[in-house]
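Input: a single structure, listed below in structure tokens.
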Amino acid sequence: MAECLRMTRTIALNCMLDTVLGGLAASLAGWACGYPAPVSGGVWHAGVQVLGMAGLGVAGWPFRIFQQHWRFAGRSDFWRLGGACALAGGLVLLATIGLGMAAPAFSMVYAMAAFVLLAGVRGGYQYWRQGLRGLGSRQRVIVLGDGEDASRFLALAPHRGRRVAGLVLEGRQRRPGRRLRGLPVLGQVGDLRAILAALGADEDWMVVVADPHCRGERLSTVLRMAHESGTPVRCMPDLSGLTGTARAPLHPVRLADLLPRQPMPPDEQGLASMLRGRRVLVTGAGGSIGAELVRQIARHAPAELVLLDMGEFPLWQVDIDLEATMPALKRHMVLADIRDPARIERAFARYRPELVFHAAALKQVPMVEANPCEGLLTNVTGTRIVADAASRHGVRAMVLVSTDKAVNPASVMGVSKRIAEMYCQALDARARRGGGPDAMRCVTVRFGNVMGSTGSVIPLFQHQLERGGPLTVTDPRMRRYFMTVSEAVGLVLQASACGTGAQEDRLAAALLRRGGVFVLDMGTPVRILDLARQMIVLAGLRPERDVQIRFTGLRPGEKLAEDLFHSQEILQPTGCPGLRMATPRTVDLAQVVNIMDALTVACRQGDSARALELAGQLVPEFVHNPHGMVTQVPAGQADVERNAS
């Protein structure tokens, strides 16, 4: 009710102000056309004012100019002003004709004067809000980007209370001395340190990155130079698709912005054709990857969504999220352990899924090292139980979410995921080579770390920062691949569409018949030490001064660097951006089944030594590192580390 009253008052005030300006425009038009002055022709002049006010008052309603927010008026609003003033001029002309004193010149000048007054008042109000009011503010802004991005920021972005002092540009406009939209070009991005050092220390400065493609190492460099002078950095969202009066808030630099890669958007049409109207089951639905899979699958209107997890609380959290965002979606919560074949069989028999995304796994390397039989039972036997149940119940395709730790594994977790890959490879090869069109496809997708996943290094660093440090890094040479969870899951779905035929890709189809595994393009690996320093800087602190970094040594099962593919695997491109395909060694299905049977028996008996021996038979490249020893520095990494230091 209060909101309606406030809106009514605003419209009434706008209507009154605009009609008064219409009367003033009529007076100016009369004076310009040589009609009697107000003093000598008072009655006539009053009539002209009433005519001008009435004309604009009537013409303004079809164009809704009285509902405009003057503070946010943009190009489309000024076009409507022009239309309203033209219509008002036409109405005034008709009125003068009806009164027997046709005055086309007066009507034309009146329309132009009305537009100048209405647009001028709105523009002046915006200038006062965004410019003159900022004179009292001590915060001044330097805009960084190329000429187009900086111009778009100045045209669309809100900078009320801030004064844009200059631009730091890339491209042809970068030479100092030039001006863009009346603002001086201060130099190039490489000059930022000197530019900031020369600024007045008695004022509050901010660097705004207007280029949405400035990320990774480029943004890290900007952040580092700004941090040296204590200048905060804010980023502008991508405004390339926005027009008119669109506004988007500045945001602090996020850790995802510092990843050395551009996100790859998935093909929404291909995903929709794979998921729409299907019954979909997600195992591990309460985990970081599983929950994001559920959210993204739900957006493509599946017929039913089955969420399976052994954890009650994480499953409840996902259900609450879906209830808030997509209450109409038909979904089922299934509490089940994937190592229990009878329970998994009942779940498949009841819900009859058409697509299965298998994200359930034990993933914490040191935890699995301490409990090897549990890790092998979950990641190997559990995967086999899910895959066999899916095959028996007519599932079209099963997608296995794998990890870069499966390549040249040094941990129990890594070798368990490699064996799971091998089993799914063998099932898929059998289906594609002669299983018929209804045989279940098994698609394996391999990728590295996802930012912010449960138990990963980033939440650990955040927790340590909240306590004031220190941040613990295992080794200064430690490197990992990183990707945001939303992009990783989007590409997993993209690979699923590619591998199941929902998206045509002949090259991928040929490689899949040879046991191909999809590998996400993760960009270049990130040094964990650099990640720790960046997180300290993003928190507004100084590494080694405000927060210490302590090296603790490799943990059991860890390597200095992970690989996304084996050195003997041939990495092939696919027709989908962000997806590549490796063709790792395959084994005969009967052979892998025999060894997996023995491995399951050993694990259920608690014989970890025998279980690891059997794992080594399937994965001869498995070189176990149970004590976290640095066996060797990856090829070429020593030189890279010296250069980085």
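The values are calculated or read from the model by the stated rules, or taken from the named source; none is laboratory data. Values in this document were obtained by computation on a predicted structure and should not be read as measured data. No Cβ is skipped: glycine too gets one built from the backbone with ideal geometry, and neighbour counts run over all protein chains shown.
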Number of the condition not met by PRO265 [criteria: (1) in contact with a Lys or Arg (Cβ under 7 Å, 6 or more places away or on another chain); (2) closer than 30 Å to MET535 by Cα; (3) surrounded by fewer than 18 Cβ atoms within 10 Å (Cβ to Cβ)]: (1)
Filter result for ARG441 (farther than 28 Å from GLU354 by Cβ and either modelled with pLDDT of 85 or more or basic (Lys, Arg) (or both)): no
Total residues in the stretch 347-405, condition touching a residue at least 12 places away in the same chain (Cβ under 8 Å), in contact with a strand residue (DSSP E or B) (Cβ under 9 Å, 6 or more places away or on another chain) and charged (D, E, K, R): 5
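Listed here are the residues, each with its yes/no results for (1) under 30 Å from VAL473 (Cβ atoms); (2) not in a loop (DSSP other than H, G, I, E, B).
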| position | (1), (2) |
| --- | --- |
| HIS566 | yes, no |
| ALA602 | no, yes |
| GLY606 | no, no |
| PRO620 | no, no |
Members of the stretch 561-597 found to be within 30 Å of GLU268 (Cβ to Cβ) and of a type in the set (Gly, Ala, Ser), listed by number: GLY575, GLY578, ALA582
Residues of the stretch 586-600 that turn out to be part of a loop (DSSP other than H, G, I, E, B) and within 16 Å of LYS417 (Cα to Cα), as a count: 2
Filtered residue count, the stretch 531-555, keeping only those that are assigned to a helix (DSSP H, G or I) and closer than 17 Å to PRO232 by Cα: 6
Conditions (1) under 28 Å from the mean Cα position of the chain (by Cα); (2) assigned to a helix (DSSP H, G or I); number of the one not met by VAL386: (1)
Single match in SER391, SER416 (criterion: among the polar types (S, T, N, Q), at pLDDT 90 or above, over 16 Å from ALA615 (Cβ atoms) and part of a helix (DSSP H, G or I)): SER391
Criterion (at pLDDT 90 or above, touching a Leu at 6+ places or on another chain (Cβ under 7 Å), small (Gly, Ala, Ser) and surrounded by 18 or more Cβ atoms within 10 Å (Cβ to Cβ)) met by exactly one of ALA598, ALA602, ALA582: ALA602
Unique residue being of a type outside the set (Phe, Trp, Tyr), buried (at least 24 other Cβ atoms within 10 Å of the Cβ) and farther than 16 Å from LEU599 by Cβ when the list is MET413, MET367, MET398, MET333: MET398
Criterion: among the basic types (Lys, Arg) and either surrounded by 23 or more Cβ atoms within 10 Å (Cβ to Cβ) or touching a Gly at 6+ places or on another chain (Cβ under 6 Å) (or both) - qualifying residue of ARG339, ARG346: ARG339
